[in-house]
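Computed from the coordinates by the stated procedures, all read-outs in this text should not be read as laboratory data. Here the structure is a predicted model, which is why all the values come from computation and not from measurement. Note: ideal-geometry Cβ built from the backbone for every residue, glycine included; neighbour counts use all protein chains shown.
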Amino acid sequence: MILAENVTKTFGQGDTKVHALDDVSVNIRENEFFTLLGPSGCGKTTLLRLIAGFDLPTRGNILLDGQEIGHLPPYKRPVNTVFQNYALFPHMTVARNIGFGLEMQGRSKSEIKQATEEMLGLVQMEHLANRQTDQLSGGQQQRVALARALAPRPKVLLLDEPLSALDLKLRKEMQIELKRLQSETGITFVFVTHDQEEALTMSDRIAVMKAGHILQVGRPKEIYNQPARRFVADFIGDINIFEVTLDQVDGLAGRVTLPGGATLPADLPEPDVAAGTVSVAIRPENMLLTDAGDKAAKLTGTVTNVVYFGAGSNVHVALKGGAEVIVRTSGEVRSDGHEVGLILPDRVQVLVD
Ligand code: ATP
């Protein structure tokens, strides 16, 4: 539905020139909750602003429903934006804020009333319709901002870190709420965040960005379980990255030899990765602790630390050969430097830089 084709956006000139986006292509589908995820400065907001029409690409095209929209000013695009600071009108009531976009479009009074009531219901704010928005809590203001942006029924809603001002508990509630609003309205949401957990919770698909590039696009489980790039693996959740030797490469499969000499089948992120030293990633929850003598253990080491976090513990294990790995367990583990074995998953994922 939204197609960015080879989009580059630069700011400044000469020595101060910044490539905010560098030849980015991405296809966002209709009715999708699509998230742009990446660290500060990677170009997320820039891409959102190009879709909204607040900025124009230096090179490349943005298409909506197959039509080039580069020439359309923001208000003529079927796109609306929810900003981080909500940008509500403080002197107006909740209801007037929600209806404001429709008022500007010259819709009839009855149409505005009906849409406002529908939106108040959608965000569960009926009881506060006549309150001024400067007398609302942060979470309530957030709901009004969403209702106001949804009221004109845009085809696409752009959300730039809309939950970052909320405390953790409210943020978690609003994550679920946003997902519900997206599926109930069927509107395509493009959501910007630097919070990987938020992205995993809400998205149909995630684009992971770094320094003006999109490194990987995929469903949350793909991004989490099959990160293609070292940066993606590292950015999302805890992970152990090992240096291993790769051989027997055949298309997207190969075999790796671990530091202790054990071998495992491996999935490759692209065909025909060169044999030799590569990195593989294993999540802490995808390894099991066992006795050092257990024949199923592919690695052995000594426990150096146990970090309890409520639902379980992260056990730090120093492998023979020096590397340290983290294994997640819900069981009791002594932290006194005893030897343990590690049972590894059946296959591992090879990363490229
Ligand atoms: P954050 O999470 O901090 O908002 P972001 O991923 O949204 O970051 P952008 O705001 O898109 O990043 O910025 C990408 C790069 O472009 C950064 O290096 C930023 O400094 C630069 N940039 C963005 N807007 C401008 C501008 N108007 N003038 C000059 N440089 C800009």
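R0 = 35 Å: FRET efficiency of residue 118 with residue 352, Cβ-based, nearest 0.05?
Values: r = 48 Å, r/R0 = 1.38.
Once rounded, the FRET efficiency stands at 0.15.
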What net charge do the residues around residue 151 carry, taking every other residue with its C-beta under 13 Å from that of residue 151, with Lys and Arg at +1 and Asp and Glu at -1? +2
Point-charge dipole on Cβ atoms (K/R +1, D/E -1) for the chain, about Cα centre, debye to 20: 1020 debye
Cut-off under 5 Å, modelled amide H: who pairs with residue 58 long-range: 8, 9, 10
Between residue 18 and residue 222, what FRET efficiency follows from the Cβ-Cβ distance if R0 is 35 Å, with the result rounded to 0.05? 0.70
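What does the charge dipole of segment 1-50 about its Cα centre add up to, to the nearest 20 debye, if the Cβ of each Lys and Arg holds +1 and the Cβ of each Asp and Glu holds -1? Walk me through the intermediate numbers first.
Values: 5 positive and 6 negative charges, 35 e Å.
Around 160 debye, computed over segment 1-50.
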Leading residue at positive end of dipole, the chain (Cβ point charges), from 58, 240, 322: 58
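DSSP loop (so not H, G, I, E, B), at most 13 other Cβ within 10 Å: list which trypsin sites (Lys or Arg not before Pro) in segment 11-67 pass both filters.
Loop-located and lightly packed - 17, 29.
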Quick one: angle between helix 138-150 and the longest Cα principal axis of the chain, in degrees between 0 and 90, rounded to 10, please. 70 degrees
Pulled fully out, how much extra length does the chain show between residue 306 and residue 197, if you take 0.36 nm times their separation in residues and subtract their Cα-Cα distance? 36.9 nm
Under a point spin-label approximation (7 Å from Cα along Cα-to-Cβ), what is the residue 336-residue 10 distance to one decimal in nm? 6.5 nm
Residue 88 neighbourhood, Cβ < 13 Å, K/R = +1, D/E = -1, net charge +3
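Report, in deg cm²/dmol and to the nearest 500, the calculated mean residue ellipticity at 222 nm for the chain, where each DSSP H run with n ≥ 4 adds -39500 (n - 2.57) and the sum is divided by the residue count. Working shown, then result.
Numbers: 8 runs with 84 residues, N = 353.
It lands at -7000 deg cm²/dmol.
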Measuring from centroid to centroid over Cα atoms, what is the spacing of segment 24-40 and segment 115-167 in Å? 23 Å
What is the extension gain from residue 84 to residue 285, computed as 0.36 nm multiplied by their sequence separation minus the C-alpha to C-alpha distance, in nm to one decimal? 69.0 nm
Yeah, the chain with a ≥ b ≥ c from its alpha-carbon gyration tensor (a/c under 1.5 is rounded, else prolate when a/b outruns b/c, oblate otherwise) is prolate
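All other residues with a Cβ under 15 Å from the Cβ of residue 41 taken together, and with Lys, Arg as +1 and Asp, Glu as -1, what is their net charge? Please list the in-between numbers first.
Numbers: positive: 9, 17, 44, 49, 210; negative: 22, 160, 161.
Once positives and negatives cancel, what remains is +2.
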Residues whose placed amide H lies under 5 Å from that of residue 305, excluding near-sequence neighbours: 316
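Please work out how much length the chain gains when fully extended from residue 270 to residue 109, using 0.36 nm per residue of separation minus the C-alpha to C-alpha distance, in nm with one decimal. Present the calculation step by step, with values, prior to reporting the outcome.
Details: separation 161, 0.36 × 161 = 57.96 nm, distance 5.70 nm.
Computed gain between residue 270 and residue 109 is 52.3 nm.
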Using Cα atoms only, what is the angle between the long axis of helix 168-185 and the major principal axis of the chain, expressed in degrees (0 to 90) to the nearest 10? 70 degrees
Any idea which of 164, 132, 276 is furthest toward the positive side of the dipole for the chain, if Lys and Arg beta-carbons carry +1 and Asp and Glu beta-carbons -1? 132
What is the angle, in °, between the Cα long axis of helix 94-104 and the longest principal axis of the Cα atoms in the chain? Nearest 10 is fine, range 0 to 90. 70 degrees
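State to the nearest 20 debye the size of the charge dipole of segment 225-341 about its Cα centre, where the only charges are +1 on K and R beta carbons and -1 on D and E beta carbons.
Values: 9 positive and 15 negative charges, 18 e Å.
Magnitude of the dipole: close to 80 debye.
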Taking θ as phi - 60°, what are the ³J(HN,Hα) couplings along segment 7-20 by the Karplus curve (6.51, -1.76, 1.60), each to the nearest whole Hz, with x for Gly and Pro? 8, 10, 9, 10, 10, x, 9, x, 5, 9, 5, 10, 8, 5
Between residue 132 and residue 248, the two model label points (7 Å from Cα along the beta-carbon direction) sit apart by a distance in nm of 7.3 nm
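Using the structure shown, select from 44/210; 9/210; 76/155 the pairs with a Cα to Cα distance greater than 18 angstrom. Before the final figure, lay out the partial values.
Working: 44/210 9 Å; 9/210 14 Å; 76/155 12 Å.
In this structure, no pair lies more than 18 Å apart at Cα.
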Can you list the HN-Hα couplings for segment 265-270, worked out from phi with the Karplus curve (6.51, -1.76, 1.60; θ = phi - 60°), rounded to whole Hz and with x for Gly and Pro? x, 9, 9, 9, x, 8
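With both partners inside the chain, how many of the DSSP beta bridges are antiparallel, as a percent to the nearest 5? Intermediate values should be presented prior to the final figure.
Details: 60 of 81 bridges.
Roughly 75 percent of the DSSP beta bridges within the chain come out antiparallel.
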